[in-house]
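Right, one structure below, let's go through it.
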Ligand SMILES: Cc1cc2nc3c(=O)[nH]c(=O)nc-3n(C[C@H](O)[C@H](O)[C@H](O)COP(=O)(O)OP(=O)(O)OC[C@H]3O[C@@H](n4cnc5c(N)ncnc54)[C@H](O)[C@@H]3O)c2cc1C
Ligand SMILES: Nc1ncnc2c1ncn2[C@@H]1O[C@H](COP(=O)(O)O)[C@@H](O)[C@H]1O
């Protein structure tokens, strides 16, 4: 079984995240970058399956600037067999459509039985790429899974849907995405970090995966304006001296909030 | 009947498993009416019955479809219906709810038709070149506008973000035949619909929200959050720590990987105010925080902060509010 896990480098959500007001792009210099937590959980799903099934190959795939290579390597240190990074100048500022085409192209190039993604990235928060990629590859998408069971020729799970949950099954090859309900990922250990240095790390360009970023056949979404909102400031802060509940009631009533 | 207005906005309305329009319908049609003529698409068994609801919410025309694999396959049947409707209506924009089901239908449709896709819009407007989507990103720290290079944009709209409402329209129904795309799809084995037992407002779009965090300490004690919410007529939310601890279901989670809310009033009880939590609530009009740690980051954005024990402050607050009501 060949499992490809889609991982993304994102600005660390624990820090201040900035957009460059001129280019509209994430300001990578302004914040630390990390492997997106949901991508790590997706990798954990693949690795824990591989733990019990020796003939499993786990590939991490990321579309990112070259500088993100170190972040992608973390996936190798955690236990993936190989990594593929899709790097191309033409992908800077790529919209969702181009990102999906590029990742679908890379997946066709790599080959896969199962693709595992996060349900939402913490920076794009589109929550759409897994379904877009499935459409482009003409495979089923079983997305927003709270649990994953990989079996011979199919994958099953509980899907978090808008009005409750549903049980879904997809025949392989398929694209799935997982939610935060799945367990936190393992930490890379020393052995893993050393082994990672020897694992295959391939860098692909758009031309190599057969995608043309400049095509006019697809309509693209573009940012036409960007403005920073003034940060919020603190208001009144009181220490409870036995009457804070009363005072809050007063405040709510005065502001017509109660 | 293929005479759809030149400024048609195709709006896919979500339905519940038990066959009603979801709450997002009013906002979607309200947004559409602001930029063109709303044409609703309802993909449901017996969708005709819902057409009058859609018209009452502003749909000038209603398309009803029931593709063969509806309910049996995930996403694909509805995406096929949306593709058929877009072919017929030739809209200026396609609006879909940014719900889990909605956004994936939009995703498949946009990828298939190679349309520009804009997600999680909090508003739409129109300029000389077409329909523009307005977004609030990085937890409301930036306002971003997006447009597409050509053609009709596919826009998913954040649930509860649109206040505009459209005027009621006379009912005009057309049945839409859908040719299956035969795209491979996942199979739905069973559906477990969450029963809505509470009369409380829904978290998304609520005017007031009371949220509880790890500081509540247990599932039983989390009831205090419910009590305050009920006195205020507010929806109930939670931090991820409270969800992870099992005090409440995941659907209550406010924050970057949960629901984004922009209520008039947000009360945070026993929540430290981690940046990921703030990302989902800092656009609230008024923020109130109760936390026993004077250095909790939630106080940096609170309009009214109380350093104190929530288990003494909240019962006193509830009593004071009830006394005023009586
Ligand atoms: C990728 C990623 C995504 C995330 N997404 C989200 C998200 O969507 N939503 C979210 O909320 N978090 C999210 N988090 C988690 C976030 O970082 C915090 O861990 C979480 O918000 C903490 O929840 P909390 O404030 O309830 O708990 P804590 O940080 O433990 O805070 C509990 C607070 O309660 C106070 N307290 C305790 N007892 C009392 C008392 N009796 N009276 C008054 N105050 C009391 C304490 O002083 C403390 O400040 C995410 C994290 C990551 C890495
Ligand atoms: N640039 C990228 N490279 C690899 N995977 C990605 C990329 N962007 C998004 N993904 C995957 O798609 C998931 C959903 O992303 P999004 O649609 O941006 O919310 C993420 O959790 C990743 O698994």
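List of remarks:
- Output for the stretch B:185-209, where each listed residue is surrounded by 18 or more Cβ atoms within 10 Å (Cβ to Cβ) and either within 12 Å of chain A (Cβ to nearest Cβ) or touching a residue at least 60 places away in the same chain (Cβ under 8 Å) (or both): B:185, B:186, B:188, B:204, B:205, B:208, B:209
- Taken over the stretch A:101-125, residues that are buried (at least 23 other Cβ atoms within 10 Å of the Cβ), at the interface with chain B (Cβ under 9 Å from one of its Cβ atoms) and within 16 Å of ligand 1 (Cβ to nearest atom) amount to 2.
- Any hit, the stretch A:82-98, residues being within 16 Å of ligand 1 (Cβ to nearest atom) and modelled with pLDDT of 95 or more: no
- Answer residue from the stretch B:244-255, given it is near ligand 1 (Cβ under 8 Å from one of its atoms) and over 15 Å from residue B:226 (Cα atoms) and is modelled with the highest pLDDT among those: B:254
- Selection of the stretch A:154-166 for residues being more than 8 Å from chain B (Cβ to nearest Cβ), surrounded by 21 or more Cβ atoms within 10 Å (Cβ to Cβ) and under 25 Å from residue B:15 (Cα atoms) yields only A:157.
- Only a single criterion out of (1) under 16 Å from the mean Cα position of the chain (by Cα); (2) more than 8 Å from chain A (Cβ to nearest Cβ); (3) within 22 Å of residue B:183 (Cα to Cα) is not satisfied by residue B:121, namely (3).
- Among the residues of the stretch A:167-185, the ones that are surrounded by fewer than 22 Cβ atoms within 10 Å (Cβ to Cβ) and away from ligand 1 (no atom under 16 Å from the Cβ) come to 5 in all.
- Within the stretch B:124-173, the only residue that satisfies the criterion of being assigned to a strand (DSSP E or B), away from chain A (no Cβ under 13 Å) and under 14 Å from the mean Cα position of the chain (by Cα) is B:157.
- For the stretch A:199-226, the candidate set comprises residues that are within 12 Å of another protein chain (Cβ to nearest Cβ) and not in a loop (DSSP other than H, G, I, E, B); within that set, the residue that is surrounded by the fewest Cβ atoms within 10 Å (Cβ to Cβ) is A:225.
- Any hit, the stretch B:210-233, residues being surrounded by fewer than 23 Cβ atoms within 10 Å (Cβ to Cβ), within 11 Å of another protein chain (Cβ to nearest Cβ) and assigned to a loop (DSSP other than H, G, I, E, B): yes
- Summed over the stretch A:81-107, residues that are closer than 24 Å to residue A:149 by Cα and away from ligand 2 (no atom under 13 Å from the Cβ) total 2.
Here is a yes/no grid of residues against (1) in contact with a helix residue (DSSP H, G or I) (Cβ under 7 Å, 6 or more places away or on another chain); (2) surrounded by 23 or more Cβ atoms within 10 Å (Cβ to Cβ):
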residue: A:9; (1), (2): yes, yes
residue: A:27; (1), (2): no, no
residue: A:45; (1), (2): no, yes
residue: A:49; (1), (2): no, no
residue: A:60; (1), (2): yes, yes
residue: A:80; (1), (2): yes, yes
residue: A:87; (1), (2): yes, no
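- For the stretch B:1-30, a tally of residues being under 22 Å from residue B:121 (Cα atoms) and either within 13 Å of the chain's Cα centre (by Cα) or without any contact (Cβ under 8 Å) to a residue 40 or more places away in the chain (or both) returns 11.
- Yes/no for residue A:141 being at pLDDT 95 or above, within 16 Å of ligand 1 (Cβ to nearest atom) and facing chain B (nearest Cβ under 9 Å): no
- Hits in the stretch A:184-212 - residues which are within 16 Å of ligand 2 (Cβ to nearest atom) and at pLDDT below 95: A:184, A:185
- Among the residues of the stretch B:81-101, the one identified as out of contact with any helix residue (DSSP H, G or I) (no Cβ under 7 Å at 6 or more places or on another chain), touching a residue at least 24 places away in the same chain (Cβ under 8 Å), within 12 Å of chain A (Cβ to nearest Cβ) and surrounded by fewer than 24 Cβ atoms within 10 Å (Cβ to Cβ) is B:101.
- For the stretch B:271-311, a residue qualifies if it is out of contact with any strand residue (DSSP E or B) (no Cβ under 6 Å at 6 or more places or on another chain), more than 7 Å from chain A (Cβ to nearest Cβ) and either part of a helix (DSSP H, G or I) or on the phi > 0 side of the Ramachandran plot (or both), and the qualifying residues are B:273, B:277, B:278, B:297, B:311.
- The stretch B:107-118, subset part of a helix (DSSP H, G or I) and within 7 Å of chain A (Cβ to nearest Cβ), residue farthest from ligand 2 (Cβ to nearest atom): B:112
The values are calculated or read from the model by the stated rules, or taken from the named source; none is laboratory data. Since the model is a prediction, treat every value here as computed from it, not as a measurement. Cβ atoms come from the backbone with ideal geometry, glycine included; neighbour counts cover every protein chain shown.
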